[in-house]
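One structure is given here, and the rest of the page talks about it.
The values are calculated or read from the model by the stated rules, or taken from the named source; none is laboratory data. Keep in mind the model is a prediction, meaning the values are calculated, not measured. Cβ: placed from backbone, ideal geometry, glycine included. Neighbour counts: every protein chain shown.
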Amino acid sequence: MHEHPHRRKNILTGEWVLVSPQRTKRPWQGSQHSPEAKQLTSYDPHCYLCPGNSRADGKNNPDYKGAFVFTNDFPALLPDLEFSESASPLFQVQSVSGICRVLCFSERHDLTLPELELDAVERVVQIWVEQVKELGKQYCWIQIFENKGEMMGCSNPHPHGQIWAGNFLPNEVRKENEQLCNYYHSHSSDLLGDYLESELSNNDRIVEINEYWLVVVPWWAIWPFETLILPKRHVACFSELSADEQAALADLLKIVLTRYDNLFQTSFPYSMGWHFAPSLSNDKGAWRLHAHIYPPLLRSASVRKFMVGYEMLAEAQRDLTPEEAAGRLRECSRQHYNKKAV
Ligand code: H2U
Ligand code: ZN
């Protein structure tokens, strides 16, 4: 299997990925060099997320310290918008309502999550919990995510994430919900709990582990260094995390994201986000909270994987095996290469 093409199933979505380990031997003539990192200052007078500055629509940020949440000035979802839905099978439409917020991780313009002090990362985790508790009263789905780096389309280097809440289940969540519920009804146990147990009994794909959490490159990973973060306890929703689990998560995040940065000595770009049981779901037994980290980098700070051609038209494909990727991440130090980080 480690030398021959094969397909692996993503049991969370029901989709397959083509793995071609024999291709990692092919020559590479592209650039291997890391681009010069831009030097950022701790405060940028032109940044719309820095404390005290005015945002694009003229509103002023308070002189905040630590994390800061505000309603997105250009939201993708709007509250209380209803219109009549079309009955046409060919032109289906659904009215949606929701709310979008931006979460600045810190007042510091120049420090990313792994570079922040541990208590600042803990505060970010606490805010995620608070936001889920509040928004879950009104909306069935809350998507917490971070787009990091220009490569992922992030518009501003000031460390920030987003929270979108809506009255519908988006595609990715609907697929997971279906897979998790089907598994639960046929096995009477949660799919990710069973998956976690088997990953724990074999070290091949484990990247990091602590008292409450596990990080693996999943069996079905698509992105070269994709990881999945799972709580060891059966926690269906973010709002159910104990204070100890929240603190351990902050510690784990800092370590995992540091390992990523150290892999190519660069501020590692990624999209990261949390999935958990939809609010008021009757299938809490089937769900287990988890985060996906999807980083695009493949060989160096500038050589990324593209999801094009075969991926767009047929199915996802990877060369590096998940086991090799986990090994590479395990070899990286837990101390950030950037001395400014703590
Ligand atoms: P990225 O995480 O993709 O960079 O997006 C930043 C968000 O910040 C984006 O959704 C919002 C944009 O709408 N934003 C504001 O709400 N106010 C601003 O002044 C600029 C950007
Ligand atoms: Zn800033």
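General observations
- Looking only at the stretch 132-154, and only at residues there that are away from ligand 1 (no atom under 16 Å from the Cβ) and part of a loop (DSSP other than H, G, I, E, B), the one that is farthest from Ala165 (Cα to Cα): Lys137
- Residue in the stretch 207-228 that is among the small types (Gly, Ala, Ser), over 30 Å from His109 (Cβ atoms) and over 18 Å from the mean Cα position of the chain (by Cα) present: no
- Among (1) under 21 Å from Ser279 (Cα atoms); (2) surrounded by 15 or more Cβ atoms within 10 Å (Cβ to Cβ); (3) within 16 Å of ligand 1 (Cβ to nearest atom); (4) not basic (Lys, Arg) - the single one Asn61 does not satisfy: (1)
- Residue satisfying all of: in the stretch 41-52; crowded, with 17+ Cβ neighbours inside 10 Å and either without any contact (Cβ under 8 Å) to a residue 24 or more places away in the chain or more than 9 Å from ligand 1 (Cβ to nearest atom) (or both); farthest from Phe105 (Cα to Cα) among these: Cys47
Here is a yes/no grid of residues against (1) hydrophobic (A, V, I, L, M, F, W, C); (2) farther than 20 Å from Ser281 by Cβ; (3) within 16 Å of ligand 2 (Cβ to nearest atom):
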residue: Lys148; (1), (2), (3): no, yes, yes
residue: Ser155; (1), (2), (3): no, yes, yes
residue: Pro159; (1), (2), (3): no, yes, yes
residue: Gln162; (1), (2), (3): no, yes, yes
residue: Val173; (1), (2), (3): yes, no, no
residue: Gly193; (1), (2), (3): no, no, no
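- Just one of (1) in contact with a helix residue (DSSP H, G or I) (Cβ under 7 Å, 6 or more places away or on another chain); (2) more than 16 Å from Tyr294 (Cα to Cα); (3) in a helix (DSSP H, G or I) fails for Glu208. It is (3).
- Lone qualifier among Ala250, Ala325 - being touching a Pro at 6+ places or on another chain (Cβ under 9 Å) and within 22 Å of Leu214 (Cα to Cα): Ala325
- Among the residues of the stretch 231-272, just one is surrounded by fewer than 21 Cβ atoms within 10 Å (Cβ to Cβ), within 13 Å of the chain's Cα centre (by Cα) and of a type outside the set (Gly, Ala, Ser), namely Pro269.
- Verdict on Trp128 being within 16 Å of ligand 1 (Cβ to nearest atom) and among the aromatic types (Phe, Trp, Tyr): yes
- Going through (1) at pLDDT 95 or above; (2) in a loop (DSSP other than H, G, I, E, B) one by one, Asp80 falls short only on (1).
- Looking only at the stretch 321-342, residues that are at pLDDT below 95, crowded, with 16+ Cβ neighbours inside 10 Å and among the aliphatic types (A, V, I, L, M) come to 1 in all.
- Remark: pairs (first residue in the stretch 66-79, touching a residue at least 12 places away in the same chain (Cβ under 8 Å); second residue part of a loop (DSSP other than H, G, I, E, B); Cβ separation under 6 Å; 6+ apart in sequence or on different chains) = Ala67/Phe105; Asp73/Arg55; Asp73/Asp57; Pro79/Ser97.
- Qualifying residue in the stretch 157-170 (condition: in contact (Cβ under 8 Å) with a residue 12 or more places away in the chain, of a type in the set (Phe, Trp, Tyr) and in contact with a helix residue (DSSP H, G or I) (Cβ under 8 Å, 6 or more places away or on another chain)): no
- Checked across the stretch 107-117, the condition of being within 23 Å of Pro295 (Cα to Cα), polar (S, T, N, Q) and either touching a Lys or Arg at 6+ places or on another chain (Cβ under 8 Å) or touching a residue at least 40 places away in the same chain (Cβ under 8 Å) (or both) holds for at least one residue.
- Residues in the stretch 155-203 that are in a loop (DSSP other than H, G, I, E, B), among the polar types (S, T, N, Q) and away from ligand 1 (no atom under 16 Å from the Cβ): Asn167, Ser188, Ser189, Ser201, Asn202, Asn203.
- Pro45 vs. criteria in a loop (DSSP other than H, G, I, E, B) and within 16 Å of ligand 2 (Cβ to nearest atom): yes
- Test: residue in the stretch 202-223 that is surrounded by fewer than 20 Cβ atoms within 10 Å (Cβ to Cβ), free of Cβ contacts under 8 Å to residues at least 12 places away in the same chain and not hydrophobic (A, V, I, L, M, F, W, C): yes
- Scan of the stretch 280-318 for residues that are surrounded by 20 or more Cβ atoms within 10 Å (Cβ to Cβ) and without any contact (Cβ under 8 Å) to a residue 60 or more places away in the chain, ordered by number: Leu289
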